Amino acid sequence: MDNSRVHDLEVLKERMNDESKPLFLRKQAYRAFNSIVGQMNDRDLRDLRTMMIRAIKAGDISAVDKIEKRIRDHERRQPWYMPRTT
């Protein structure tokens, strides 16, 4: 787990437990927190990301494209998946 994920989880945990925030923001933080934890615990996703890093380092563009598609398909089938709005 990288430091940015640890920091994201700490910030989200603070927002979830902050009673001064509106309920919808606390729920949003809760969903995001569970999504990140789910991604970190997903062994298949972690393996696909490792494969992608290796393909990028090797400069294999076609493999990168295939792995990206596999990652997107895998994410859509997971219960922690939240569609990107951007």
Self-check item: Residue list for the stretch 26-70, filter: in the same structural domain as Glu10 (by TED's automatic domain parsing) and among the β-branched types (Val, Ile, Thr)
Solution: Ile36, Val37
Practice problem: Would you check if there is a residue in the stretch 3-21 being surrounded by 11 or more Cβ atoms within 10 Å (Cβ to Cβ), among the small types (Gly, Ala, Ser) and part of a helix (DSSP H, G or I)? | Solution: no
Practice problem: Scan the stretch 63-86 residue by residue and report those that are under 15 Å from Met40 (Cα atoms) and at pLDDT below 85. | Solution: Glu75, Gln78, Pro79, Trp80, Tyr81, Met82
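The values are calculated or read from the model by the stated rules, or taken from the named source; none is laboratory data. Keep in mind it's a predicted model, so treat the numbers as computed, not measured. Virtual Cβ from ideal backbone geometry, glycine too; neighbours counted across all protein chains shown.
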